Amino acid sequence: MKKLLFFIASFLFVYQSSNAQTAKGDQTLGVDLGFTYSKSSQYTINPYDNSSGTSTGKTTTFNIGPNYSYFIANNLDIGASLQYSSSTTNNTADVFNSLTKQFDRNYGGEIYLRKYFMYANKIGIRAGAYAGYFKQNTQYAYIQADSYDDYNAKTDNYLGGFNLALVYYPSKCLGVSLNLANLEYDHSKTDATTQGHSSSNNIYFNYVNDGLGASIFYVFGSKK
């Protein structure tokens, strides 16, 4: 993946055309898209009876939402986005865990301030800070023998962080971006009904190999 990104960036750098649309007064309206797939495997031994087993988990996540930004100065914009995401994890039960499925739905939004560093007014890097709030609903399902343990949980997530993205303008009124790295702090509060209440503080660092996050947007303004 890293070699592919390097090749694409190197290829695009040889082209120079119309100015990138990052001037004061310009606006963008677009859509964010994301997809992540992960697979894990764990071997466990029960110390009480020496039984053992291997469990595997597969998680698929998809997100989508609109975004808007306004350039308050050349190469500097502020904006906001809304997002909905769905995540499904399927597990095989083991000697310690009978959880077979976890289904998450998230919805919320973010505000952000971003700085653009452009090459030849066509391609460049975008970096900025953001803050947001998301509501998460989670369903937990266990094997049939333990189905009485099934429950739902609701989580409030308050987050902030810094994002780095590759930006390219293939035409005068069209732009695309690809997330390269993301550093985030997250504070969450969970109400799991019969399972109790909890809160947590987490720091995450993600880079392009963790999944694919992209955006495509239309550029408009007084000069377009």
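The values are calculated or read from the model by the stated rules, or taken from the named source; none is laboratory data. Nothing here was measured: the structure is a model prediction, and the numbers come from that model. A quick note on method: Cβ atoms are made from the backbone with ideal geometry, for glycine too, and the neighbour counts reach across all protein chains shown.
The strands (runs of 3 or more DSSP E) found entirely in the range 151-218 that carry 3 or more residues being surrounded by 14 or more Cβ atoms within 10 Å (Cβ to Cβ), touching a residue at least 12 places away in the same chain (Cβ under 8 Å) and not hydrophobic (A, V, I, L, M, F, W, C) are 151-171, 174-191.
Return the total of residues in the range 119-137 being surrounded by fewer than 18 Cβ atoms within 10 Å (Cβ to Cβ) and either in a strand (DSSP E or B) or modelled with pLDDT of 95 or more (or both).
The first filter runs over the range 119-137 and keeps only residues surrounded by fewer than 18 Cβ atoms within 10 Å (Cβ to Cβ), leaving 119-121, 125, 127, 129, 131, 133, 135, 137.
Then drop every residue that is not either in a strand (DSSP E or B) or modelled with pLDDT of 95 or more (or both), which leaves 119, 125, 127, 129, 131, 133, 135, 137.
Number of matching residues: 8.
For the range 101-118, indicate whether the set of residues that are among the acidic types (Asp, Glu), at pLDDT 95 or above and under 14 Å from the mean Cα position of the chain (by Cα) is non-empty. Yes, there is a match, as at least one residue in the range 101-118 is among the acidic types (Asp, Glu), at pLDDT 95 or above and under 14 Å from the mean Cα position of the chain (by Cα). Taking the conditions exactly as written (modelled with pLDDT under 95, not in a strand (DSSP E or B) and not hydroxyl-bearing (Ser, Thr, Tyr)), does residue 146 satisfy them or not? It is true that residue 146 is modelled with pLDDT under 95, not in a strand (DSSP E or B) and not hydroxyl-bearing (Ser, Thr, Tyr).
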